[in-house]
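Here's the structure we're looking at; comments come further down.
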Amino acid sequence: MKDRVSLRSLILEFLYKVYPHYVLEIDILYVFYKEFRDVYIKKTLQYLVDKGYVEKLEKEIPRIGMKTFYKLTHRGVDLVEGLLKDDNIPFDDKNQ
């Protein structure tokens, strides 16, 4: 199992690839479920929201119910592109 702290950068890199689109929470869970428990993925997403790198949107979908979506913020893009630095979110040097 990979380090849970590295999950932060993995999620940011994933959202960067689909930026500027929103991604369903269940899709993010599906991408990372083989290496991380869903509780850690959800906690990491909330951490990234609290830090301002990811935007969270909860929306009622007719005949389906409430769904949660995530999208990288401008600040999150700057972090992934190396314009910002956060010592609590490790990136491989090759990505910077």
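Against the definition (closer than 22 Å to N88 by Cβ, of a type in the set (D, E) and part of a helix (DSSP H, G or I)), how does E13 come out, yes or no? The answer is yes for E13.
Evaluation of G52 against the conditions (1) over 16 Å from K17 (Cα atoms); (2) in contact with a strand residue (DSSP E or B) (Cβ under 9 Å, 6 or more places away or on another chain) shows that the sole unmet condition is (2).
Table: residues versus (1) charged (D, E, K, R); (2) assigned to a loop (DSSP other than H, G, I, E, B); (3) surrounded by fewer than 18 Cβ atoms within 10 Å (Cβ to Cβ); (4) in contact with a strand residue (DSSP E or B) (Cβ under 6 Å, 6 or more places away or on another chain).
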position: V5; (1), (2), (3), (4): no, no, yes, no
position: K34; (1), (2), (3), (4): yes, yes, yes, no
position: K42; (1), (2), (3), (4): yes, no, yes, no
position: Y47; (1), (2), (3), (4): no, no, yes, no
position: L57; (1), (2), (3), (4): no, no, yes, yes
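On the basis of being within 14 Å of L79 (Cβ to Cβ), within 12 Å of the chain's Cα centre (by Cα), surrounded by 14 or more Cβ atoms within 10 Å (Cβ to Cβ) and not small (G, A, S), does Y22 make the cut?
On the way: within 14 Å of L79 (Cβ to Cβ): no; within 12 Å of the chain's Cα centre (by Cα): yes; surrounded by 14 or more Cβ atoms within 10 Å (Cβ to Cβ): yes; not small (G, A, S): yes.
Judged against the criteria, Y22 is not a match.
In this structure, is V77 β-branched (V, I, T), at pLDDT 95 or above and closer than 20 Å to R4 by Cβ? No.
Yes/no matrix, rows are residues, columns are (1) without any contact (Cβ under 8 Å) to a residue 12 or more places away in the chain; (2) more than 11 Å from the chain's Cα centre (by Cα); (3) surrounded by 10 or more Cβ atoms within 10 Å (Cβ to Cβ):
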{"residue": "D50", "(1), (2), (3)": "yes, yes, yes"}
{"residue": "K71", "(1), (2), (3)": "no, no, yes"}
{"residue": "L79", "(1), (2), (3)": "no, yes, yes"}
{"residue": "L84", "(1), (2), (3)": "yes, yes, yes"}
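The values are calculated or read from the model by the stated rules, or taken from the named source; none is laboratory data. Values in this document were obtained by computation on a predicted structure and should not be read as measured data. A quick note on method: Cβ atoms are made from the backbone with ideal geometry, for glycine too, and the neighbour counts reach across all protein chains shown.
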